[in-house]
Amino acid sequence: MRVLYGLAALLLGLLLWQLLVWITGTPHFILPSPLRVAQAAYASRALILEHATVTATEVVLGLILGTILGAITAIQLASSQWAQRLLLPILVFTQAVPVFALAPILTLWFGYGMASKIVMAVLIIYFPVTSAFHDGLTRVDSGLLDLARTMGATRWQVMRRIRIPHALPSLGTGLRLAAVYAPIGAVIGEWVGASKGLGYLMLLANGRVKIDLMFASLIALALLTVVLHKLVAILADHLSAYASGSSLQKGLGPKK
Amino acid sequence: MTPPPAITLQGSYTLGDTRLFGPLSVHLPAGQWTCLLGPSGVGKSTILRLILDLSTGGQFTGSVQADDGQPLPDRISYMAQSDLLLPWLTVLENTVLGARLRGETPDMDRARHLLTRVGLEAHQTKTLAALSGGMRQRAALARALIEDRPVVLLDEPFSALDAGTRADMQELAAEVLQDKTVLLVTHDPAEATRLGHQILLLSPDEATVWAPPPTPPIRALQDPATLACQAELLAHLRGQVR
Ligand SMILES: Nc1ncnc2c1ncn2[C@@H]1O[C@H](COP(=O)(O)OP(=O)(O)O)[C@@H](O)[C@H]1O
Ligand SMILES: [Mg+2]
């Protein structure tokens with residue numbers, strides 16, 4: 001049913017787009033009709049796929065690395081009072097630097113290849129992941145921590161067996177945000193300097209006044225983001241289900 | 001295991017500007033059950049937390065001491081007023097949480113045995129969502145009983161149980177915790193008169209000793225002396241509330 005509604009919304013959007021082109025009579029090098037874009041997408045499918053693969057790789061690697069770094073930072077912050085007092089303000093302050101402004105510097109440091117785009121994506125998702133996970137790690141019921149203390153728990157065991165499982169849904173929230181931000185980071189990196197990727201392809205098409213190809217790249221990018229967001233949402237749902245015990249209930253729990 | 005110590009708490013406790021209780025003295029005889037009664041909010045749970053050296057919202061001036069002079073907190077098993085079970089673990093895994101948190105290998109056989117004793121044998125591998133309030137409380141009881149420690153503090157451990165199960169669990173706890181120093185918080189005069197070597201009534205000014213029935217615990221439900229003591233205690237508590 002939801003799929004049907006989604007399709008209907010898509011058709012409606014395309015129809016409005018086509019109508020807009022017809023009614024205003026906008027020339028195709030300003031706003032191409034959906035049909036033209038579809039034709040361009042089909043004609044350049046190999047090209048688009050090649051560049052999309054590059055962008056997707058950058059985004060996925062950026063997501064994975066950024067999540068690992070963010071999770072480690074959050075655990076570190078949550079396990080030591082002084083780290084939290086000292087590092088958290090620094091971390092918040094660094095957020096005042098717009099990451100996009102760093103793109104030229106990153107290209108200078110990490111080159112025109114994938115590395116600078118991955119670093120860009122990592123930087124842009126690092127903070128949302130860190131802060132969401134840290135929030136979950138530190139918001140454990142104090143009664144539980146007291147109980148753990150009376151049981152003679154070690155710090156690391158409390159982290160591993162109470163704080164981290166409790167914070168998994170928060171990590172999921174951070175990941176959902178990251179899935180939206182990471183492609184933005186990668187594409188901006190590609191705009192600043194690249195020879196591959198959908199961002200690069202868009203600039204190239206724009207320069208050659210192939211506006212229909214530019215739109216086709218844009219749509220490929222949107223599709224990529226939507227698919228990524230969907231996959232991450234599924235992962236986040238699993239994390240929440242684990243923490244609430246409902247995955248156990250269905251017998252999907254971790255094997256001992 | 002070292003023999004269970006006697007414990008004495010002495011002092012007064014303030015919350016902000018207002019005195020909650022004291023100066024008063026609470027003495028727990030070694031190897032015996034003390035049942036603590038008192039109106040809601042008088043500070044019963046707070047007294048448990050003070051003995052455990054856990055943070056409370058207020059200021060305690062006084063001392064908590066074991067008669068052997070050794071530190072207390074690592075010798076106490078604690079069952080808090082809320083069950084504090086972890087939803088991502090099975091009932092069995094919740095029961096052995098203490099060992100897991102200490103990085104030890106848990107005694108699974110003992111955990112299964114205790115779960116059987118609290119009537120959760122069929123629910124060991126289930127998640128908490130499948131449990132009723134009373135079952136959750138019994139899981140928390142099993143988790144407290146598995147900790148083999150000389151002092152046990154139980155904060156209203158049977159409050160969510162039906163009358164029949166409650167009587168069963170009282171007998172189980174009395175058996176497993178025999179000869180330990182136990183402090184049990186309860187609102188139920190029947191429970192206190194059934195289980196206590198000593199019965200303490202907590203008020204803001206003092207902790208009064210209420211004479212328990214002459215026979216040693218655990219006392220039979222239909223024992224006339226126990227029933228008489230229970231009725232007197234109830235009458236007293238009602239008078240106090242009014
Ligand atoms: N962490 C806390 N911060 C401030 N006040 C608290 C805190 N915990 C309990 N209190 C207050 O202390 C008083 C005694 O609480 P408690 O010991 O739980 O009473 P009881 O167990 O006898 O019902 C209550 O008025 C309660 O509101
Ligand atoms: Mg209480």
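The values are calculated or read from the model by the stated rules, or taken from the named source; none is laboratory data. The structure displayed is predicted, hence computed values, not measured ones. Reconstructed Cβ throughout: ideal geometry from the backbone, glycine too, with neighbour counts over all protein chains shown.
The table that follows gives values for the structure above.
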item: A:ALA132 being of a type in the set (Gly, Ala, Ser) and at pLDDT 95 or above; result: yes
item: Hey, B:ILE146 in contact with a Pro (Cβ under 7 Å, 6 or more places away or on another chain) and modelled with pLDDT of 95 or more or not; result: no
item: The stretch A:69-114: number of residues that are β-branched (Val, Ile, Thr) and either touching a strand residue (DSSP E or B) at 6+ places or on another chain (Cβ under 7 Å) or surrounded by 13 or more Cβ atoms within 10 Å (Cβ to Cβ) (or both); result: 4
item: Matching entry among B:ASP148, B:ASP188 (being more than 14 Å from every other protein chain (Cβ to nearest Cβ) and either within 18 Å of the chain's Cα centre (by Cα) or closer than 30 Å to A:ALA241 by Cα (or both)); result: B:ASP188
item: Those residues of the stretch A:196-217 which are of a type in the set (A, V, I, L, M), more than 17 Å from the chain's Cα centre (by Cα) and under 18 Å from A:ALA46 (Cβ atoms), in sequence order; result: A:LEU201, A:MET202, A:LEU204, A:ALA205, A:LEU213, A:MET214, A:ALA216
item: Every residue from the stretch A:153-165 that is farther than 23 Å from B:ILE76 by Cβ and facing another protein chain (nearest Cβ under 8 Å); result: A:PRO165
item: Residue among A:LEU168, A:LEU248, A:LEU145 that alone is within 30 Å of B:LEU85 (Cα to Cα), within 14 Å of another protein chain (Cβ to nearest Cβ) and modelled with pLDDT under 95; result: A:LEU248
item: Residue within the stretch B:57-75 that is buried (at least 16 other Cβ atoms within 10 Å of the Cβ), within 11 Å of chain A (Cβ to nearest Cβ) and within 14 Å of ligand 2 (Cβ to nearest atom) present; result: no
item: Index of the failed condition, B:HIS27 passing every other in (1) within 16 Å of ligand 1 (Cβ to nearest atom); (2) more than 25 Å from B:ALA139 (Cβ to Cβ); (3) out of contact with any Pro (no Cβ under 9 Å at 6 or more places or on another chain); result: (1)
item: Scan of the stretch B:76-112 for residues that are more than 16 Å from ligand 2 (Cβ to nearest atom) and of a type in the set (D, E, K, R), ordered by number; result: B:GLU93, B:ARG100, B:ARG102, B:GLU104, B:ASP107, B:ASP109, B:ARG110, B:ARG112
item: Selection within the stretch B:83-117 - within 15 Å of B:ARG136 (Cα to Cα), of a type in the set (A, V, I, L, M) and at the interface with chain A (Cβ under 9 Å from one of its Cβ atoms); result: B:LEU84, B:LEU86, B:LEU89, B:LEU97
item: Residues located in the stretch B:99-133, provided they are assigned to a helix (DSSP H, G or I) and surrounded by fewer than 17 Cβ atoms within 10 Å (Cβ to Cβ); result: B:MET108, B:ASP109, B:ARG110, B:HIS113, B:THR116, B:GLU121, B:ALA122, B:ALA129, B:ALA130, B:GLY133
